[in-house]
1. Could you grab me the full set of residues in region 365-387 that are over 28 Å from the mean Cα position of the chain (by Cα), under 18 Å from residue 341 (Cβ atoms) and outside any helix (DSSP H, G or I)?
2. Tell me whether region 13-32 contains one or more residues that are in a strand (DSSP E or B) and not charged (D, E, K, R).
3. What strands (runs of 3 or more DSSP E) lie completely within region 67-120 and have 2 or more residues being modelled with pLDDT under 95 and farther than 19 Å from residue 147 by Cα?
4. I'm trying to understand the selection: among the residues of region 371-407, which are in contact with a Leu (Cβ under 7 Å, 6 or more places away or on another chain) and β-branched (Val, Ile, Thr)?
5. Going through 70, 93, 108, 123 one at a time, which residue ends up being without any contact (Cβ under 8 Å) to a residue 24 or more places away in the chain and either within 27 Å of residue 314 (Cβ to Cβ) or charged (D, E, K, R) (or both)?
6. Are there strands (runs of 3 or more DSSP E) fully within region 208-283 with at least 2 residues that are surrounded by 11 or more Cβ atoms within 10 Å (Cβ to Cβ), under 21 Å from the mean Cα position of the chain (by Cα) and at pLDDT 95 or above? List them.
7. If you go through region 302-311 one residue at a time, do you hit one that is surrounded by 15 or more Cβ atoms within 10 Å (Cβ to Cβ), in contact (Cβ under 8 Å) with a residue 60 or more places away in the chain and part of a strand (DSSP E or B)?
8. For region 207-241, which residues satisfy the criterion of being out of contact with any Leu (no Cβ under 8 Å at 6 or more places or on another chain) and of a type in the set (Gly, Ala, Ser)?
Amino acid sequence: MPRGNSNRAMHNQDMTFRKLLQPMAPEEFFEHAYGKLAVHIPGHADKLAHMFSWDELNRLFNQPSLWSDRTIKMVLSGRDLKPEEFCTPGRTREGTQAMLPDPERVARYLQQGATLVLDLVERLSPGIAALAASLETVLGHVAVCNVYCSWKAHQGFTSHFDTTDVFALHIAGKKTWHLYEGRYLDPIEGSGFDYASLPPEEHESAKGELLKSVEMTPGDVLYIPRGQYHDAVATSEASLHLSFGLVPHTGHDFITVLLRSLFTDPLFRQAMPHFDDTQAYDAHLRRLAERLYEIITDAATARQSRQEQRRRVLRDSLTRFALPQRDPVSLYRVRWVGATLQPRGDGSLLTTASGEYALSGNETKIVEWILSRDFFDANTLGQAFDTTRPADVSILTDKLIAADLIEVV
């Protein structure tokens with residue numbers, strides 16, 4: 001078991017998915033809320049204090065090379081400001097031409113009450129990165145995070161819906177969210193299926209009546225399923241919150257993966273019959289449909305699709321190095337949902353989807369530690385149980401992989 005210094009910035013899990021939802025249990029969330037209805041989870045002021053702050057926002061925002069018109073937005077009274085209104089031409093840290101935020105123009109719009117949005121910060125701040133990794137490993141979708149800074153009585157965004165499930169984490173100040181009855185079914189990024197591409201009059205009728213209003217204070221969490229109409233306005237002088245969006249892996253993504261494999265199939269490389277030959281054309285389509293059915297129902301196709309979704313979700317969520325240790329660190333995802341650990345004699349009985357497994361007293365302590373996390377690395381596990389022989393920890397790790405409690409990332 002490697003004993004080098006762990007990458008604490010990424011692997012620190014002060015905020016796991018279970019802690020994020022407290023006092024709601026994850027099992028209750030999945031059964032009654034996830035994908036179904038909005039949930040407000042009140043929290044104490046210190047709950048999210050370690051994750052983000054005004055100081056951390058300033059640290060990020062005062063690094064001009066991080067931002068361009070692709071990663072920063074300003075919204076004033078429901079209108080997205082055009083890049084040329086608050087940016088000037090310049091060069092990114094890679095040396096490419098881009099529109100970069102101009103401090104004087106940004107300040108001028110902030111003074112008018114414009115909402116400031118920093119996009120795609122999910123890997124830029126340690127606390128945010130750790131929670132993004134937890135959301136991805138637990139929910140199985142790519143997590144993106146935006147920062148929203150807004151001002152009292154100045155509404156940035158009008159009533160809208162998102163194409164992602166949203167977890168809003170309130171960091172500072174107060175903000176009132178309005179949730180509406182209307183919900184767009186299964187929206188995706190694409191013309192006619194996302195908020196921006198639909199006409200305003202359609203939104204006004206589709207959002208429906210006000211369902212409820214929620215005042216968010218520091219430590220609060222709000223879950224909003226994709227497609228549900230909502231808006232928000234700061235009720236304190238300044239307000240700061242994080243918005244984590246879970247980008248769904250849809251049937252369209254499955255078809256994209258499938259198309260790549262169809263190049264190897266001779267039938268799909270054949271030319272289509274002439275469009276005037278209706279009989280031949282219909283017969284060829286039937287052959288394509290039959291072959292497509294064979295491919296889709298093949299176990300190898302399902303395995304390939306799962307692997308692609310897994311790769312997409314986990315590719316960037318967890319770092320793999322802990323320098324000065326030069327070898328990659330072994331990383332593990334915890335499949336704690338549905339697992340139970342019951343005392344039995346001097347140890348316990350672990351039950352997972354794969355069966356039941358007897359554990360010794362020391363093994364029980366290690367599994368309890370693992371079940372309190374969404375992911376972990378080999379270094380951190382070794383440091384947490386440094387009085388246990390590395391060989392014994394390694395044997396238990398293999399046992400838990402076989403039990404489908406953990407998997408190597």
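The values are calculated or read from the model by the stated rules, or taken from the named source; none is laboratory data. These numbers were taken from a predicted model, which means no experiment stands behind them. In this analysis, Cβ positions are derived from the backbone assuming ideal geometry, glycine residues included, and neighbour counts consider all displayed protein chains.
1. 385
2. Initial filter on region 13-32 (in a strand (DSSP E or B)): none.
No, there is no match, as no residue in region 13-32 is in a strand (DSSP E or B) and not charged (D, E, K, R).
3. On the way: elements: 72-76, 87-91, 97-101, 115-118.
Hits in region 67-120: 87-91, 97-101.
4. Matches in region 371-407: 393, 406.
5. 108
6. In region 208-283, the matching strands (runs of 3 or more DSSP E) lie at 221-224, 228-234, 238-247.
7. no
8. Selection gives 208, 232, 234, 236, 238, 239.
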